[in-house]
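Before any comments, here is the structure.
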Amino acid sequence: MAAASNPPAPQASTAAYSFATSPARGDHDEYLQGLLLLRAGQAAAAAECLAAAVAAVPTHAGARVNLVRAWLAAGDPRRALHAADAALALLPDHAELLFSRGTALNQLALPHAARETLTCALALAPRHAPTHLNLGNAYADLDDLDAAEYYIRAALHLDPRLVEAHASLGFVLTSQGRLAEAIAACEAAIELDPDFVQAHWNRATALLLAGDFARGFAAYEWRKRHPRFHADFPVLPGPVWTGDDPAGRTILVRAEQGLGDTIQLTRYLPLIAASGGTPVLACARPLLRLLASLPGVHAMPKDAPASRYDAWIDQMSLPLMFGTRPDTILAAAGYLRADPALVACWRARLPSGRKIGLAWAGNPAHGNDHRRSLPPRAVAQLVAACDAQPINLQVGPRSSEAGLPDLSAPLTDFAETAALIANLDLVLTVDTAVAHAAGALGVPCWVMLPFAPDWRWMLGRDDTPWYASLRLFRQPRPGDWDSVIEQIRTALRRDAEPDRESPDTPRTTHSAPAN
């Protein structure tokens, strides 16, 4: 789920503060030029001028304050933090510098330090709405959702037109599972600023979690305009495919986001082939061999030059293009096939008897990985909960944590992972690409979800319309993996009892507590 953005730094002030010496004329010119550039939106150039002014007169308070503003506006929180620390050594009780420092810490994903700094800023300027907002954002990053809501609502009380606060409130309410209120908060932000990308994105997340796919996927198109991810969506030559008849045409589909997202949405490509088109999926190399099992679909490396095509589309736009609703999702029973030869090779090297595959961590570069991956202490609990031979599906730096044989070396791509999964009786995994691979193969899989899950898992249910073989286990409160593992232990014990349904029986009840 995309977190709400922190608000931009306040507008640059033209007041020059000097508490020791006055700048020389040339240094004053650099300072004024920096202010003018900052006002004109040329933040990086402004920072250069202001840094020169600071270098010439280190005690020039106005230059120091505006240098921090400039680095924040330029999207460089590390330099902003460094500049703020240097300025605070001279002005330790400067409320705006503390606010800016806390903003930079938020952007650097250091919420504990941000909370401490912003609390100091708030004590000095208790009616500064952006400080309340950013303190609320820090609490949200710490999963203290009640405190986050309190401070964000305080910001809105002080400034009802603070558009970023409405969007952040939408994020926090979504994280609490209060989806109708979240959508209303995001729409309040959009009413104030129709082009505010983060509000549209947060609204899309809430709508998709609520199962309103028609409005949700339409709003999700705003992801392409987010400044953090805009570079991932360069406009390609040729027309964008708009869903018209693909017969006789080559449609280039550009994969985006993670490997699991690519696996989830490859289900749409055979529809293009069935209509007489030739779908070409440009995706990550570890997926190429696995996706070769899709009939009529050609896969190519995303980093290779594109071959000839007639139209193109971003892959996450396909659900919107095909008018997807929760009750019309395609191929929930599975649509990929593991290579039989690889399956046989893995069967020969695995132990006999019932086998449960375990994956406890996702890509550490993922922005939400600290919430979706198990902490190391919970990994041992998960292994202990297994009532069968545990098999290590984990790759990457955490593959040795469970004390199980490390199979990451031969798991060179997802064709190998799929072949291993095809030999298992059950997969237990966090929200990572392994869950999508198991679901796309139709292999029984139980997915452990954080309190505020990704949009595709929706809320208040222990099944998913995307994959019939998946069963969902949700945290009852943020960070509570102990309860999730106890739910799994109980479910394994129950399913092992005589006359009970087997763990590969698809679940259709919606009994999990709403987040």
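Taking all protein chains into account, the per residue accessible area for the chain stands at 41 Å² (1.4 Å probe). Considering helices alone, the calculated mean residue ellipticity of the chain at 222 nm is -14000 deg cm²/dmol, with DSSP H runs of length four and up weighted by -39500 (n - 2.57) and normalised per residue.
Beta-bridge orientation, the chain: approximately 5 percent antiparallel, per DSSP, counting only bridges with both partners inside.
What number in nm² do you get for segment 388-473 if you take the convex hull of its Cα atoms and divide its surface by four? Directional mean of the projected Cα hull area for segment 388-473 stands at 5.9 nm².
Note on Cα Rg over 2.2 N^0.38 Å: of the candidates (1) 1.14; (2) 1.01; (3) 1.09, the value calculated from this structure sits at (3). Dividing the C-alpha radius of gyration of segment 70-111 by 2.2 N^0.38 Å, with N its residue count, gives 1.03. Could you tally the net charge around Trp346, taking each other residue with its Cβ under 12 Å from the Cβ of Trp346, Lys/Arg +1 and Asp/Glu -1? Local charge sum for Trp346: +1.
Once phi is turned into ³J(HN,Hα) by the Karplus curve 6.51 cos²θ - 1.76 cosθ + 1.60 with θ = phi - 60°, what whole-Hz value does each residue of segment 49-66 show in order, with x for glycine and proline? For segment 49-66, the Karplus-derived couplings read 5, 5, 5, 5, 5, 5, 4, 6, 9, x, 8, 6, 5, x, 5, 5, 4, 6 Hz, x marking Gly and Pro. Diagonalising the gyration tensor over the Cα atoms of segment 275-408 and scaling each eigenvalue by 5 before taking the square root yields semi-axes of 34, 20, 17 Å, largest first. Rounded to the nearest 20 debye, the dipole size of the chain about its Cα centre is 560 debye, using +1 on the Cβ of Lys and Arg and -1 on the Cβ of Asp and Glu. For segment 273-397, the Cβ-based charge dipole about the Cα centre amounts to some 400 debye (Lys, Arg positive; Asp, Glu negative; other atoms uncharged).
For Leu472, the residues 5 or more places off, or on other chains, whose built amide H falls under 5 Å of its own are Val447, Asp463. A simple count of charges around Ala311, restricted to other residues whose Cβ falls under 10 Å of its Cβ and scoring Lys, Arg +1 and Asp, Glu -1, yields -1. Taken one residue at a time, the phi angles of segment 238-252 give Karplus couplings (6.51, -1.76, 1.60, θ = phi - 60°) of x, x, 7, 6, 10, x, 6, 4, x, 4, x, 10, 9, 10, 7 Hz. Gly and Pro are set to x.
Divide the volume of the convex hull around the Cα atoms of segment 335-450 by the residue count and you get 99 Å³ per residue.
In angstrom, the C-alpha Rg and Dmax of segment 91-168 are 11.2, 33. With the convex hull drawn around the C-alpha atoms of segment 326-395, the volume per residue stands at 173 Å³. Its residue count N sets the reference 2.2 N^0.38 Å, and the alpha-carbon radius of gyration of segment 258-341 equals 1.07 times that reference. Phi angles across segment 365-375 convert, under the Karplus curve 6.51 cos²θ - 1.76 cosθ + 1.60 with θ = phi - 60°, into 3J(HN,Hα) values of 7, 5, x, 10, 5, 5, 8, 8, 8, 6, x Hz, Gly and Pro given as x.
Distances between placed amide hydrogens fall under 5 Å for Leu281 paired with Val253, His298, Ala299, Met300, all partners being 5 or more residues away or on another chain. For the chain, the relative contact order is 10 percent, taking Cα pairs closer than 8 Å that sit 6 or more residues apart in sequence and dividing their mean separation by the residue count. Trp222 contributes about 40 Å² of solvent-accessible surface, heavy atoms of the protein only, 1.4 Å probe. With q set to 0.13 Å⁻¹, the log10 of I(q)/I(0) for segment 44-194, from the Debye formula over equal scatterers at the Cα positions, is -0.60. P(r) tail, segment 296-360: Cα-Cα pairs separated by more than 19 Å, 64% of all pairs.
Quick one: which residues, 5 or more positions from Trp466 or on another chain, have an amide H under 5 Å from its amide H? H modelled 1.01 Å from N in the peptide plane, none for Pro or chain starts. For Trp466, whose amide H was placed from the backbone, there are no distant partners under 5 Å. Could you please state how large a percent of the accessible area of the chain is carbon and sulfur, counting protein chains only and using a 1.4 Å probe? On the chain, the fraction of accessible area on carbon and sulfur atoms equals 55 percent.
Between the listed residues Ser100, His230, Ala43, the Cα displaced farthest toward the positive end of the dipole of the chain, a dipole computed from Cβ unit charges relative to the Cα centre, is found at His230.
The values are calculated or read from the model by the stated rules, or taken from the named source; none is laboratory data. Keep in mind it's a predicted model, so treat the numbers as computed, not measured. With ideal geometry, Cβ positions are generated from the backbone for all residues, glycine too; neighbour counts draw on all protein chains shown. Accessible surface is based on the protein model in full, side chains and every heavy atom, while ligands, DNA and RNA are left aside. Shrake-Rupley method; radii C 1.70, N 1.55, O 1.52, S 1.80 Å.
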